[in-house]
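Dropping a structure here in structure tokens format, bear with me for questions.
The values are calculated or read from the model by the stated rules, or taken from the named source; none is laboratory data. All figures in this text were calculated on a predicted structure; none of them were measured in a lab. Backbone-built Cβ (ideal geometry, glycine too); neighbour counts: all protein chains shown. Heavy atoms of the whole protein, side chains included, go into the accessibility calculation; ligands, DNA and RNA do not. Shrake-Rupley method; radii C 1.70, N 1.55, O 1.52, S 1.80 Å.
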Amino acid sequence: RVIYLANIPLRLQLPPRPNDLKELCFRTYPRAGKLEIKRVLQLVYGLDVEKVHTMNMDAKKKFNPRKKYFYRTASYKKCYVYLKRPISLSKDLFPLNLF
């Protein structure tokens, strides 16, 4: 049996506390779907995902005062993943001691 996975970059946003996490927040590209995100987290990372909520974040318009022009940041999709069982993150993941 062959399982094809989408190449989805998921960047974990820093949670407020590292212990007993039931909700995780990720940033990914805007075309990623809920089922693709859920499938990648279950098969690659071994997480028991209950549900996934997503929202598209539009690009922001910013001004560069030195070169005197406007530019836009990249748009992204923010996804909240709710887990069936809570997990704990290791403090070694965050070397700057932000917790």
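Six or more apart or on different chains, Cβ atoms under 6 Å: show the pairs whose first residue is in the range 65-85 and in contact (Cβ under 8 Å) with a residue 40 or more places away in the chain and whose second is among the aromatic types (F, W, Y) and open to solvent by less than 100 Å² (accessible area, probe 1.4 Å).
Partner pairs satisfying both residue conditions: C79/F26.
Can you tell me how many residues within the range 39-76 are exposed (fewer than 12 other Cβ atoms within 10 Å of the Cβ) and assigned to a helix (DSSP H, G or I)?
Residues flagged as exposed (fewer than 12 other Cβ atoms within 10 Å of the Cβ) and assigned to a helix (DSSP H, G or I) within the range 39-76 amount to 1.
Mind listing whichever residues of the range 4-31 are outside any strand (DSSP E or B), open to solvent by less than 90 Å² (accessible area, probe 1.4 Å) and aromatic (F, W, Y)?
Result: Y29, single match.
Hey, another quick one. Given the conditions (1) touching a residue at least 12 places away in the same chain (Cβ under 8 Å); (2) over 21 Å from D20 (Cβ atoms); (3) surrounded by fewer than 13 Cβ atoms within 10 Å (Cβ to Cβ), which single one is not true for E36?
Answer for E36: the failing condition is (3).
Also, I was wondering about something else. Out of the residues in the range 80-98 meeting the condition of being under 17 Å from the mean Cα position of the chain (by Cα) and under 26 Å from Y29 (Cβ atoms), tell me which one is modelled with the lowest pLDDT.
That would be F94.
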